[in-house]
Amino acid sequence: MDIQIIHSDRAPKAIGPYSQAIRVGEMIFSAGQVGLDPANGNLVGGGIEAETRRALQNLSAVLEATGSSLACVVKTTVFLADMNEFQKMNAVYAEFFPANPPARSTVQVARLPKDAHVEIEVIALARDK
């Protein structure tokens, strides 16, 4: 089985013993991304909207490192620290998936890394460069 570790300098470095993403055959499985600024590793300010936007930008950078993109995402999982922020997250999320959005699960969790408001992971189809 051909397993490829994916890394992008345009996304935050892993803050633990994990990879930003793994490509197995024609599938890409990302680690969860929170709204960390890749330049300094700090959580972006601005609340759930800014964090959602940055998390999706980070995921986009990771996918682009494989030759794929958000357009190839088939499934997302969104972890929220507070389900009351669902509508705000959802509005930003819709900007990134305006047509034919992927399947999605959204769950509330007790706590996220760096006390983030949102974390998002994706499964995507790989595209060859």
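The values are calculated or read from the model by the stated rules, or taken from the named source; none is laboratory data. All figures in this text were calculated on a predicted structure; none of them were measured in a lab. Virtual Cβ from ideal backbone geometry, glycine too; neighbours counted across all protein chains shown.
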Only residues that are farther than 17 Å from residue 51 by Cβ and surrounded by 10 or more Cβ atoms within 10 Å (Cβ to Cβ): list them for the stretch 106-129, please. 123, 124, 125, 126, 127
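Before we move on, is residue 54 within 19 Å of residue 115 (Cβ to Cβ) and out of contact with any helix residue (DSSP H, G or I) (no Cβ under 9 Å at 6 or more places or on another chain)?
yes
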If the Cβ limit is 6 Å and pairs must be 6+ apart or interchain, which residue in the stretch 17-33 that is more than 20 Å from residue 51 (Cβ to Cβ) pairs with which residue that is surrounded by 20 or more Cβ atoms within 10 Å (Cβ to Cβ) and β-branched (Val, Ile, Thr)? 23/6; 23/66; 28/66
In the stretch 61-97, which residue that is assigned to a loop (DSSP other than H, G, I, E, B) and not hydrophobic (A, V, I, L, M, F, W, C) is surrounded by the most Cβ atoms within 10 Å (Cβ to Cβ)? 68
Yes or no: residue 110 assigned to a loop (DSSP other than H, G, I, E, B) and on the phi < 0 side of the Ramachandran plot? yes
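Of all residues in the stretch 40-59, which are buried (at least 21 other Cβ atoms within 10 Å of the Cβ) and closer than 21 Å to residue 127 by Cα?
Within the stretch 40-59, 56, 58, 59 meet the criteria.
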So residue 100, is it surrounded by fewer than 18 Cβ atoms within 10 Å (Cβ to Cβ), at negative phi, over 14 Å from the mean Cα position of the chain (by Cα) and of a type in the set (S, T, N, Q): no
With the first residue restricted to the stretch 100-125 and required to be free of Cβ contacts under 8 Å to residues at least 60 places away in the same chain, and the second required to be among the polar types (S, T, N, Q) and assigned to a strand (DSSP E or B), Cβ contacts under 7 Å at 6 or more apart or on different chains are 102/76; 104/76; 105/77
Give me the residue from the stretch 11-39 that is among the charged types (D, E, K, R) and at pLDDT 95 or above and, out of that set, nearest to residue 124 (Cα to Cα). 23
Write out, first by first residue and then by second, each pair whose Cβ atoms fall under 6 Å of each other, whose residues are 6+ apart or on separate chains, and whose first residue, in the stretch 54-75, is of a type outside the set (A, V, I, L, M, F, W, C) while the second is assigned to a helix (DSSP H, G or I). 60/70; 69/63
